[in-house]
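Peer 1: Pasting a structure below so you can have a look.
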Amino acid sequence: MLRISPRNIRMDDTKVLKVCRVSKEIQAYKNSKTDKMMKYFNLVCAENMKTYHVRVYLTGKYEMFKESMTYKFKNAVAKGENELWVTKDTTIAYAVPVTVHPSLQIPPLPEDVPPQGVVQDLPSALKSPSKSTVTGKIVKVSPLKQVRDGTLSVKSLLMKDNDGLAKVCLFSKNAEMNYEEGDVVQITSVYPKQFLNMPQLTTTSESRCQFIPNTLNVSDPTSEELKAFENDTDFLNSTSDISTKAITLTDVLEADVYEICAKQGCHQKKMIKGQCPVCGGQESATEKNIRALFLYESEGQKDRKITMFKGAIESAMNKNVPTTDKNETLMFLIESLPISFSGCISASNIVYNINTDA
């Protein structure tokens with residue numbers, strides 16, 4: 001049974017849509033919670049200047065749908081602005097043809113979208129029912145922060161192309177890269193998401209960020225364009241407002257070595273009693289993670305505490321840290337003291353933009 005949540009909202013109104021594309025065959029996936037195979041097929045539909053991805057779980061209706069015909073959908077489930085799910089509670093009927101603007105670009109079916117997504121401008125990607133590849137100039141960069149007990153790095157970019165602005169949320173290694181305002185980047189496999197009632201683009205585990213030459217000739221955003229983001233807390237302290245400082249780790253208070261889930265999508269989640277609390281899997285990654293609490297000094301301040309994880313520690317030391325045994329790791333860190341580098345420290349006490357150059 002499809003569960004209705006804040007993201008699965010049953011529509012009270014009726015949508016009348018022209019079918020532009022139909023899956024060539026029935027699709028299927030295994031529901032990880034129920035271990036049941038779910039069967040469905042996809043439609044790409046349109047009305048006037050707007051397209052929709054419609055997922056139909058009523059596989060018995062597959063032969064009913066023909067391209068170029070118009071159908072009425074009542075009581076479907078809205079999954080975002082441009083996606084509908086048709087379930088057993090949805091009424092489907094043949095309908096009088098609707099008008100679709102001849103200039104409207106019809107996206108491919110989800111199963112035909114390349115792994116990196118369809119190349120689109122930022123406004124189109126924000127409305128796309130499937131993954132996209134976008135390119136834009138960076139307007140703002142949020143400070144790096146760590147969530148999920150410090151195992152997941154998160155950073156946001158405000159990007160602009162010739163068609164508009166979009167916030168893009170990055171995770172893991174993509175978030176840990178150094179970005180500066182004015183850089184032009186191409187980001188693959190992003191999808192639209194609503195966060196605090198604001199549309200944004202979110203990366204996936206397959207997403208890749210690449211710096212490219214600035215050939216866009218993109219103008220600076222106007223104050224009117226930036227107004228929509230003026231209350232976004234992620235950008236209240238853009239990295240351009242935070243200076244790099246010399247940091248020296250002087251003492252180790254504690255260090256822990258622990259197994260993490262092997263699945264990339266779980267973002268190095270700590271295994272609890274041999275099981276991942278996110279996916280429920282029991283397979284551990286080959287590499288373990290490290291969490292260490294240090295005392296550091298910087299700009300005349302001494303004996304301040306900071307927690308760092310394996311990736312940041314190795315960046316600061318410019319070498320690999322052994323993770324076979326907790327005591328071995330602790331002794332390795334102690335013997336490496338003092339550890340000096342430059343970097344930024346966010347308001348949430350996270351070190352980022354680490355540089356070991358003299």
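The values are calculated or read from the model by the stated rules, or taken from the named source; none is laboratory data. Just so it is clear, the model here is predicted, and its values are computed rather than measured. Heads up, the Cβs are rebuilt from the backbone with ideal geometry, glycines too, and the neighbour counts pull from every protein chain shown. Areas reflect the complete protein model, heavy atoms only, side chains present, ligands, DNA and RNA absent. Shrake-Rupley method; radii C 1.70, N 1.55, O 1.52, S 1.80 Å.
Peer 1: Could you pull out every one of the aspartates and glutamates with an alpha carbon less than 17 Å from that of Lys326, ignoring same-chain neighbours closer than 8 positions?
Peer 2: Asp251, Glu254, Asp256, Glu259, Glu287, Glu314, Glu335
Peer 1: Relative to the compact-globule scaling 2.2 N^0.38 Å, provide the ratio for the alpha-carbon radius of gyration of the chain.
Peer 2: Its radius of gyration relative to the 2.2 N^0.38 Å reference: 1.18.
Peer 1: Ordering Asp161, Asp251 from largest to smallest accessible area (1.4 angstrom probe), what's the sequence? Could you put the intermediate results ahead of the total?
Peer 2: Working: Asp161 10, Asp251 65 Å².
Ranking Asp161, Asp251 by accessible area, largest first, yields Asp251, Asp161.
Peer 1: Roughly how many Å² of Lys145 are accessible to a 1.4 Å probe, to the nearest 10?
Peer 2: We get 80 Å² for Lys145.
Peer 1: Kindly state, to the nearest 0.05, the FRET efficiency for Asn349 paired with Lys302, given R0 = 25 Å and r defined as their beta-carbon distance.
Peer 2: Computed FRET efficiency for Asn349 and Lys302 comes out at 0.95.
Peer 1: Could I ask something else about it? Which pairs in the list Lys36/Lys263; Lys36/Lys155; Lys18/Lys227 are over 25 Å apart, alpha-carbon to alpha-carbon?
Peer 2: Long pairs (Cα-Cα over 25 Å): Lys36/Lys155; Lys18/Lys227.
Peer 1: Now, a different point. Let's see if you can work this out: charge +1 on each Lys and Arg Cβ, -1 on each Asp and Glu Cβ, no other charges. What is the dipole magnitude of the range 20-153 about its Cα centre, in debye to the nearest 20?
Peer 2: Dipole about the Cα centre, nearest 20: 320 debye.
Peer 1: Moving on. Leaving ligands, DNA and RNA out of it, work out the accessible area of Met198 with a 1.4 Å probe and give it in Å² to the nearest 10.
Peer 2: Result for Met198: roughly 70 Å² accessible.
Peer 1: Starting from 0.36 nm per residue, how many nanometres of slack lie between Tyr29 and Ala246 once their C-alpha separation is accounted for?
Peer 2: On the way: separation 217, 0.36 × 217 = 78.12 nm, distance 5.07 nm.
Result for the pair: 73.0 nm of gain on full extension.
Peer 1: Please list the three semi-axes, largest first and in whole Å, of the ellipsoid equivalent to the range 41-124, using sqrt of 5 times the eigenvalues of its alpha carbon gyration tensor.
Peer 2: Taking √(5λ) for each Cα gyration eigenvalue gives 22, 16, 12 Å.
Peer 1: Right, next: In debye to the nearest 20, how big a dipole does the chain give about its Cα centre with +1 on each Lys and Arg Cβ and -1 on each Asp and Glu Cβ?
Peer 2: 1700
Peer 1: State the antiparallel share, in %, of DSSP beta bridges confined to the range 68-197, rounding to the nearest 5.
Peer 2: Approximately 95 percent, going by the DSSP bridge assignments.
Peer 1: With the chain treated as a Gaussian network of Cα nodes joined by springs under 10 Å, which of Val185, Val44, Val147 yields the largest mean-square fluctuation?
Peer 2: In the Gaussian network model the winner is Val147.
Peer 1: Here's a follow-up. Quote the accessible area belonging to Ser124 in square angstrom, nearest 10, computed with a 1.4 Å probe and with ligands, DNA and RNA left uncounted.
Peer 2: Accessible surface of Ser124 is approximately 50 Å².
Peer 1: So, one more: Counting only heavy atoms of protein chains, what accessible area per residue, in Å², does the range 117-241 have with a probe of 1.4 Å?
Peer 2: That works out to 49 Å² per residue.
Peer 1: Moving on. Note the angle between two axes, namely the Cα long axis of helix 326-336 and the longest principal axis of the Cα atoms of the chain, as a number of degrees from 0 to 90, rounded to the nearest 10.
Peer 2: 60
Peer 1: Work out the length of the dipole vector of the range 251-358 about its Cα centre, built from +1 on the beta-carbon of each Lys and Arg and -1 on the beta-carbon of each Asp and Glu, and round it to the nearest 20 debye.
Peer 2: 440
Peer 1: Pairs Lys131/Lys270; Lys79/Lys288; Lys50/Lys167: which exceed 25 Å Cα-Cα?
Peer 2: With Cα atoms farther than 25 Å apart: Lys131/Lys270; Lys79/Lys288.
Peer 1: Identify the trypsin sites (Lys or Arg not before Pro) of the range 18-47 meeting these criteria: DSSP loop state and at most 12 other C-beta atoms within 10 Å of the C-beta.
Peer 2: Lys24, Lys33
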